[in-house]
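This report refers to the structure that appears directly beneath it.
The values are calculated or read from the model by the stated rules, or taken from the named source; none is laboratory data. Being a predicted model, the structure only gives us computed values, none of them experimental. With ideal geometry, Cβ positions are generated from the backbone for all residues, glycine too; neighbour counts draw on all protein chains shown.
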């Protein structure tokens, strides 16, 4: 697989993993299985039925949790420590056939892309949860699920287009950056509270 295709899949997968990691893994695995897609580098591991099955199971769990206000934000807090490292690993693994220095660069960029999309998703959903009606939460969650699958399809079949999609996503992240920073401050404050509970 050429460099552009590898870059599109590696960067596209890492970016959308920050939105929904399990849908990303399952979609790549199923595409490889049923569309005879040859995944770049060492991403062939995603074609294992065990990996696909577990990813689909966790996707169903997330699909439900992500539609429930407050539960979705709690889920996002927990997945801060799952989606971002996974995005970095997906990017580095996609470049498994390249020089080690290229893999390290991919790891760093992939982690950054996953962090940007995850932070935007989490901060946006936290704002939406202030609305008393549940409809907007469900609509946004469904739109995110569609975005993940469509982005993976673009990365595979129209690699140039995914670069523009990811660039637009990063631009949105920069725009909502204050809310993203506020979200992560709240995450770290909650974690610190777990280890240093206030004494009466």
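Is segment 188-195 home to any residue that is under 18 Å from the mean Cα position of the chain (by Cα) and either free of Cβ contacts under 8 Å to residues at least 60 places away in the same chain or in a helix (DSSP H, G or I) (or both)? Explain how you work it out, then say what you get.
First, the residues of segment 188-195 that are under 18 Å from the mean Cα position of the chain (by Cα): none.
No, the conditions are met nowhere in segment 188-195.
Condition check ((1) within 19 Å of residue 154 (Cβ to Cβ); (2) under 15 Å from the mean Cα position of the chain (by Cα); (3) touching a residue at least 24 places away in the same chain (Cβ under 8 Å)) across all residues:
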| site | (1), (2), (3) |
| --- | --- |
| 12 | yes, yes, yes |
| 18 | yes, yes, yes |
| 30 | yes, no, no |
| 45 | no, no, yes |
| 53 | no, no, no |
| 77 | no, yes, yes |
| 89 | no, yes, no |
| 101 | no, no, no |
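Would you pick out the residues in segment 55-70 that are in a helix (DSSP H, G or I) and either in contact (Cβ under 8 Å) with a residue 24 or more places away in the chain or farther than 19 Å from residue 120 by Cβ (or both)? Don't jump to the end; show me each part of the working.
Within segment 55-70, the subset in a helix (DSSP H, G or I) is 55-65.
55, 56, 57, 58, 59, 60, 61, 62, 63, 64 - these are the residues of segment 55-70 that are in a helix (DSSP H, G or I) and either in contact (Cβ under 8 Å) with a residue 24 or more places away in the chain or farther than 19 Å from residue 120 by Cβ (or both).
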Exactly one of 77, 127, 135 is modelled with pLDDT under 95 and closer than 13 Å to residue 184 by Cα, and that residue is 77
Residue check: is residue 114 buried (at least 18 other Cβ atoms within 10 Å of the Cβ) and either under 22 Å from residue 82 (Cα atoms) or at pLDDT 95 or above (or both)?
yes
